[in-house]
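In what follows, a structure is listed as structure tokens, so that the remarks can point back to it.
The values are calculated or read from the model by the stated rules, or taken from the named source; none is laboratory data. Note that the coordinates shown come from a computational prediction; the quantities given were computed from them, not determined experimentally. Please note: Cβ atoms are built from the backbone with ideal geometry, for glycine as well, and neighbour counts cover all protein chains shown. Just so you know, the surface numbers come from the protein's heavy atoms only, side chains and all, with ligands and any DNA or RNA stripped out. Shrake-Rupley method; radii C 1.70, N 1.55, O 1.52, S 1.80 Å.
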Amino acid sequence: MLLLLIACSASPEPPSPNHPPPPGGRLPPVGSGELVIPVDDPAWRGLNGLLDNPRAYGEASWDDVRMRVAGHLALAGRDRARLAAQRADWAGCAVAYHESAIALGKLALGGKIGPPIRAALVSAAERDGGLCTALAAKEPPPPSPGLIAPLRARWVSLVVRAEAGADVATEAAVLASDARAVVAPEGLDLDAFGDFEARHALRVRLVEAWADTVSPFSATEPFAYWTAAEISRQAAGIAAAAAAVATGAVPVPTAADAVPPATHRPYSAAELGSLVTGDSTVDTLGFAGPRAIGSLARLGAEDKEHLPWLQETAAELNAAVPGTVPAIVERRAAKLAEFPGGIRYYAMKQLRNTATRHLAAAGHYSEALMVVRGHGALHAQDWACPDRAGILAVIEARLLVRAGDVGADAALDRADTNIAEFLAHVAEAEANPRSMPGPPMVPPPRPPAPVPKND
């Protein structure tokens, strides 16, 4: 059961009477091979609906479950504001950010982790709502604290002053120089944790850095994990836009979002065979969070029998034209579905997530959307991942926002509905607590029994 919680939530719960930590309270070193998801687990077979206690979601409390959902709320609210920004509806953009800040502020979060994460997300929404208000009112915004946020506020001020007829060439040159001088801070390594508490502390630092860096106007986050490299990438976009203004270009608000492209890497067996995160907004939409830990007992890159299949899959995807990738993914997923063990769920999920990342990063949003929809209705270990329906809806919405698709508004409405339904379930379960699960049972080794296909 502990392995299920780790794999679905990508955040092992902290020590508790019912779920002790590993020996010494420490997590196995990343890549050590000490934490392995088994081929099958009886607990996986009973998952068929929303769960009634936080430990089933891999968290110590309902506060920490809601902490997960805070990120989904923030992403949906931000992308709704960005839709308005794409239409140069700055007043509408400001309203969307204001509403997002209110919704996040109402989210009940206690403990050590949720409050600082919520504070960072609320502050970012309020700050970026202020930038949109400044553009609507044609007035410079107030200064912003942080590393990247102050540069972005100066950029918006430069745009507003230029629209009013001011000569901003010197100001732009200084801004370009300051943006080029940005150095990402230390302490944001996605694998830099040794125990449960350190992993949660890292999550807080990552969210705070993400909130400082993220663009108010365009979805420029990578279709991958968010890393400290994003700080330099966003600064480079601001520097390039300001340098162009210094040499005579007319500034527009979104010019600073023309960030350098992220490094492209081909499909690989290592990526296809790695353990997925439970929250796909982290490894697929560039939201902040530590890297997933652990490996798969079978069907992963360390499975010598399965490795040739992963290599063949990577080679086929690398050679494919984008329009054929969704069909390749589904054909390959059907092959994985034949494996007699619940572990196949993780392999299939990683296959689809990997294809989504690669297609979206290359701008093939329609094909990426087809792959995302291949996940289908919630099933199997989906139910042990907090707000899985909301996650999938947020990913669909992001793809449609990036594509400029008219369906983006409806997708965001669906995301809001899914998130609200999950939070309502959490509130009901918290008000009417069920018994917590006991310590995990460790049965003697036995061959896995065939189970019905569930993906």
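Restricting the search to region 260-295, which residues are open to solvent by 20 Å² or more (accessible area, probe 1.4 Å) and modelled with pLDDT of 95 or more?
Residues satisfying the conditions are P266, Y267, S268, A270, E271, S274.
Which of the residues belonging to region 54-71 are within 16 Å of R199 (Cα to Cα) and basic (K, R)?
R68
Can you tell me which of (1) open to solvent by less than 50 Å² (accessible area, probe 1.4 Å); (2) farther than 30 Å from I419 by Cβ is the one Q311 doesn't meet?
Only one criterion in (1) open to solvent by less than 50 Å² (accessible area, probe 1.4 Å); (2) farther than 30 Å from I419 by Cβ is unmet by Q311, namely (1).
Here's the yes/no breakdown for (1) outside any helix (DSSP H, G or I); (2) out of contact with any Gly (no Cβ under 6 Å at 6 or more places or on another chain); (3) among the charged types (D, E, K, R); (4) farther than 26 Å from A134 by Cβ:
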| position | (1), (2), (3), (4) |
| --- | --- |
| E197 | no, yes, yes, yes |
| T220 | yes, yes, no, no |
| T227 | yes, yes, no, yes |
| E230 | no, yes, yes, no |
| R233 | no, yes, yes, no |
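Every residue in region 135-158 that is in contact (Cβ under 8 Å) with a residue 40 or more places away in the chain and not basic (K, R), please.
L135, A136, G146, L147, I148, A149, L151, W155, V156, L158
Does at least one position in region 101-112 carry a residue that is surrounded by 23 or more Cβ atoms within 10 Å (Cβ to Cβ), in contact (Cβ under 8 Å) with a residue 40 or more places away in the chain and assigned to a helix (DSSP H, G or I)?
no
Tally time: how many residues in region 44-87 are surrounded by fewer than 24 Cβ atoms within 10 Å (Cβ to Cβ) and more than 29 Å from G110 (Cα to Cα)?
Adding up the residues that qualify gives 7.
Of these, R80, R68, R118, which one is under 25 Å from V406 (Cβ atoms) and basic (K, R)?
After applying the criteria, what remains is R80.
Across region 183-195, which residue is least open to solvent (accessible area, probe 1.4 Å) among those that are assigned to a loop (DSSP other than H, G, I, E, B) and in contact with a Gly (Cβ under 9 Å, 6 or more places away or on another chain)?
L190
Determine which single condition K138 fails, assuming it passes every other condition in (1) of a type in the set (K, R); (2) touching an Asp or Glu at 6+ places or on another chain (Cβ under 9 Å); (3) crowded, with 21+ Cβ neighbours inside 10 Å.
Going through the list (1) of a type in the set (K, R); (2) touching an Asp or Glu at 6+ places or on another chain (Cβ under 9 Å); (3) crowded, with 21+ Cβ neighbours inside 10 Å, K138 breaks only (3).
Of all residues in region 316-331 being open to solvent by 60 Å² or more (accessible area, probe 1.4 Å) and in contact (Cβ under 8 Å) with a residue 40 or more places away in the chain, which is nearest to A368 (Cα to Cα)?
Among them, the one singled out is E330.
State the number of residues belonging to region 396-421 that are of a type outside the set (A, V, I, L, M, F, W, C), open to solvent by 10 Å² or more (accessible area, probe 1.4 Å) and assigned to a helix (DSSP H, G or I).
Number satisfying all stated conditions: 9.
Considering (1) over 30 Å from G165 (Cα atoms); (2) charged (D, E, K, R); (3) modelled with pLDDT of 95 or more, say which one D257 fails and leave the rest.
(1)
Which residue out of A209, A246 is open to solvent by 30 Å² or more (accessible area, probe 1.4 Å) and among the aliphatic types (A, V, I, L, M)?
A246
Any residue in region 317-337 that is among the hydroxyl-bearing types (S, T, Y) and under 25 Å from the mean Cα position of the chain (by Cα)?
Checking region 317-337: not a single residue is among the hydroxyl-bearing types (S, T, Y) and under 25 Å from the mean Cα position of the chain (by Cα).
Within 13 Å of the chain's Cα centre (by Cα), over 24 Å from E271 (Cβ atoms) and either at pLDDT below 95 or crowded, with 18+ Cβ neighbours inside 10 Å (or both): is that true of A389 in this structure?
Taking the combined requirement at face value, the residue does not satisfy it.
Scan region 340-350 and tell me whether some residue there is closer than 18 Å to D283 by Cα and β-branched (V, I, T).
Looking for residues that are closer than 18 Å to D283 by Cα and β-branched (V, I, T), one finds none in region 340-350, hence no.
For P143, work out the one condition from (1) in contact with a Pro (Cβ under 8 Å, 6 or more places away or on another chain); (2) open to solvent by less than 60 Å² (accessible area, probe 1.4 Å) it doesn't fulfil.
Unmet condition: (2).
Residue under question is R118, and the condition is that it be over 22 Å from the mean Cα position of the chain (by Cα) and either small (G, A, S) or open to solvent by 10 Å² or more (accessible area, probe 1.4 Å) (or both); does it hold?
Here the answer is no, as R118 does not meet what is asked.
With a cut-off of at least 3 residues that are within 27 Å of D64 (Cα to Cα), name the helices (runs of 4 or more DSSP H) lying wholly within region 314-394.
Hits in region 314-394: 344-361.
Does region 113-126 hold any residues that are under 20 Å from S215 (Cα atoms) and assigned to a loop (DSSP other than H, G, I, E, B), and which are they?
Result: no residue meets the conditions.
Of the conditions (1) out of contact with any helix residue (DSSP H, G or I) (no Cβ under 8 Å at 6 or more places or on another chain); (2) touching a residue at least 24 places away in the same chain (Cβ under 8 Å), A119 clears all except one; give me its number.
A119 satisfies all of (1) out of contact with any helix residue (DSSP H, G or I) (no Cβ under 8 Å at 6 or more places or on another chain); (2) touching a residue at least 24 places away in the same chain (Cβ under 8 Å) except (2).
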